[in-house]
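Asker: This is the structure, below, for whatever I ask next.
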Amino acid sequence: MKRIARRTNKRQFNRLMSSIVASMVALSAMSQVNDGTPKLVLGIVVDQLRSDYIELLQSHFTQRGFNRLMRDGAYFENVDFRCSNLDIASGTAFIMSGAYPSVNGVPQAMVFDVAKRIATPVLTDAKYIGNFTTETYSPLALKVSTIADEVRINNDGLGFVYAIAPDAQQAILLAGHAANSCFWIDDVNGKWSTTTFYKEVPSPVQSRNYNYPLANRLNTMAWEPALALDAYSEIPQAHKFYRFRYNFPDNSKDRYRSFKQSALVNEEVTSVAIDYINTLKLGRRGQLDMLNIGYTAAPYDYSKTSDNRFELHDTYIRLDAQLERLFDAVDKAVGMQNVVVFVTSTGYYNDSRPVDSKYNVPSGEFRPDRAISLLNMYLMAIYGNGQWVDGYYNRQFFLNRNLIKDKKLDLAELRAKSSEFLRQMSGVTAAYTFEEILNNPVNEDLIALNRVMVPSLQGDVTIEVSAGWTIVEMQNAQSKVTQVRMNAVTVPAFILAPQVKAQRITNAIDAAFLAPTVSRLLRIRSPNAARYMPLSLQ
């Protein structure tokens, strides 16, 4: 009987201890949820996202994508980037660093290499080889820290930081310097690729590259309208007769580039992101983890018509579905009450579709190669024979500084002479010297140029071409035709977090506020070049 009693008491004791341990675990879990400390930050940067399209297509959206962001979070209708000539790289670097391009070191995705006389990616770095790609990149051109860096530094490297995007340079800028890894889709082989600057190759991308490669799937994929034609009520009737369809066949040399610009790429990105969340247990390890994602809402360069609004509407509708899918997966795996989400645009919109001449909109053609020849002849007439102009890229003329130095001439004087000459050319509305942009930003245009000026990468004279004109230039042995258009659009940002009350902010907000605001919500330091105080959203 005593032996039975001892066994009974032992079982009761074990049950009691199990109950106590379970209660302690439950209380610990509750405290983790309720103490307001986030477990995961989800950063989403959408290339060329526009506020007006979100408003226009809101009735087509689900309740758990864009509508969830607008309903439950802080919705900034008009984020002002206050910079000239932003693109996917400079816009992303600005968002992640909270500093203007002139400070963070990334003025454009492509910069002019004077020695080679060609445009090269701003993050090109031959010291690091590619993994699943021949491209060589690193984030070292980015001169300041980012939100991603500060998340990693915050807990001595214990937090995981990952980034994925279709575009290589955007993926790297989303990752920053300290991330575990970043991956993008290679233009040549379609594999998820990275640079050896980052040391980790997560199992989800390895598995996808070997067992489920895009090359084996792309032939079966086609982009066509997700809805019935009559559902696109915002499209002019004249454009509804054309039901677009885009394939990505093996024999197309641009199959991966065209896929990366299509709305379908956002689904591929979401699938990889969900694999990361589930496989790597992000947000469930007791540390603050970060996953940064690049999506696209850009006009489709491979459109079969000059008016690509139909494709653009479909892109937003499909993107909303991917946001819903992503948020649902995060909610299931981590719980949205433990997550800080920020979604923003890259801050610009590039619609360079030419207008048909039948509409009689004033236009003209500016050819940089001819401008170089004329400018060179003008300078030879003043300073003697020589190749005085090294090249042109992205509205910037680069003088031959070695020749100017050898001739012991004043570089500022040649810049001023060149600027005066270029101002007189047809189609040129303004020309600014290096010194005017750097030292004398006396008007809004010069201030906007000053904010994106990195002196070591800046041309000697920067021009403005008349709106409506086309610029016909050679880039890396290929002709590029661009129609000049201001494209003044409002761009949005959203912050969704438990401690952020639902609100709609209609006043213009400087984009430099976003990084410190997100940092405060994460309880970490702001990036080291972010100068603005965080916004109060509670």
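The values are calculated or read from the model by the stated rules, or taken from the named source; none is laboratory data. All figures in this text were calculated on a predicted structure; none of them were measured in a lab. Glycine also receives a Cβ, built like all others from the backbone with ideal geometry; neighbour counts cover every protein chain displayed. Quick note on the areas: whole protein, heavy atoms, side chains included, nothing else; ligands and nucleic acids left out. Shrake-Rupley method; radii C 1.70, N 1.55, O 1.52, S 1.80 Å.
Asker: So what is the relative contact order for the chain, in percent, with contacts set as C-alpha pairs under 8 Å and at least six apart?
Answerer: So the answer I get is 27 percent.
Asker: Is the stretch 71-170 best put as rounded, prolate or oblate by its Cα gyration tensor, with a ≥ b ≥ c the root eigenvalues, rounded for a/c under 1.5, and otherwise prolate when a/b is larger than b/c, oblate when not? Write down the numbers at each step before the final one.
Answerer: Working: a/c = 1.94, a/b = 1.24, b/c = 1.57.
Oblate is the answer for the stretch 71-170, as a/c is 1.5 or above yet b/c matches or exceeds a/b.
Asker: As an exercise, take the mean of 1/r over every pair of distinct alpha carbons in the stretch 433-508, invert it, and state the Kirkwood radius in angstroms.
Answerer: For the stretch 433-508, inverting the mean 1/r across all distinct Cα pairs yields 16.5 Å.
Asker: Relative contact order for the stretch 336-410: what percent, with Cα pairs under 8 Å and sequence separation of 6 or more?
Answerer: The normalised contact order for the stretch 336-410 reaches 16 percent.
Asker: For the chain, take the longest principal axis of its alpha carbons; what is the angle in degrees between that and the long axis of helix 88-97, to the nearest 10 within 0 to 90?
Answerer: Tilt relative to the chain: about 50 degrees.
Asker: Okay, next question. Show which aspartates and glutamates lie in cross-link reach of Lys191 when reach means a straight Cα distance below 18 angstrom and same-chain residues fewer than eight apart are skipped.
Answerer: Answer for Lys191, where 18 Å is the Cα cut-off: Glu135, Asp167, Glu200, Asp250, Asp254, Glu267, Glu268, Asp275, listed by chain and number.
Asker: Greater than 20 Å separation of Cα atoms is the criterion. Which listed pairs, Lys39/Lys281; Lys304/Lys480; Lys253/Lys480; Lys281/Lys501; Lys143/Lys260; Lys39/Lys332, meet it? Intermediate results must be reported in sequence, preceding the final value.
Answerer: Numbers: Lys39/Lys281 11 Å; Lys304/Lys480 17 Å; Lys253/Lys480 18 Å; Lys281/Lys501 28 Å; Lys143/Lys260 28 Å; Lys39/Lys332 14 Å.
In this structure, Lys281/Lys501; Lys143/Lys260 exceed 20 Å between Cα atoms.
Asker: Then there's this: Convert each backbone phi in the stretch 215-221 into a coupling constant with the Karplus relation 6.51 cos²θ - 1.76 cosθ + 1.60 (shift: θ = phi - 60°), then list the ³J(HN,Hα) values in order as whole Hz, x for Gly and Pro.
Answerer: Per residue, the Karplus-derived 3J(HN,Hα) values read 4, 7, 10, 5, 5, 8, 9 Hz.
Asker: Please give me, ordered by residue number, the trypsin sites (Lys or Arg not before Pro) of the stretch 293-348 that lie in loop per DSSP and have at most 12 other Cβ atoms within 10 Å.
Answerer: Qualifying residues, ordered by number: Lys304.
Asker: Right, next: Let me have the 222 nm mean residue ellipticity of the chain computed from DSSP H runs of 4+ only, each contributing -39500 (n - 2.57), with the sum over all residues rounded to the nearest 500.
Answerer: Calculated mean residue ellipticity at 222 nm is -11000 deg cm²/dmol.
Asker: Largest first, what is the accessible-area ranking of Ser456, Ser262 with a 1.4 Å probe?
Answerer: The residues order as Ser456, Ser262, largest area first.
Asker: So which lysines can Lys405 reach, going by Cα to Cα under 27 Å and dropping same-chain residues fewer than 8 places off?
Answerer: Lys116, Lys417
Asker: In addition: Run the 1.4 Å probe and let me know the accessible area of Met486, rounded to the nearest 10 Å².
Answerer: Surface accessible to solvent at Met486 totals approximately 140 Å².
Asker: Ok, one more. Run the reach check for Lys199 against lysines, Cα to Cα strictly under 16 Å, same-chain hits fewer than 8 apart removed. What comes back?
Answerer: Lys127
Asker: Please list Lys405, Lys260 from largest to smallest accessible area, probe radius 1.4 Å, with all protein chains kept in place.
Answerer: Highest to lowest solvent-accessible surface, that is Lys405, Lys260.
Asker: Ranked from the most accessible area to the least, with a 1.4 Å probe and all protein chains present, what is the order of Arg208, Arg525? Can you show the working numbers first?
Answerer: Values: Arg208 25, Arg525 150 Å².
Descending accessible area places them as Arg525, Arg208.
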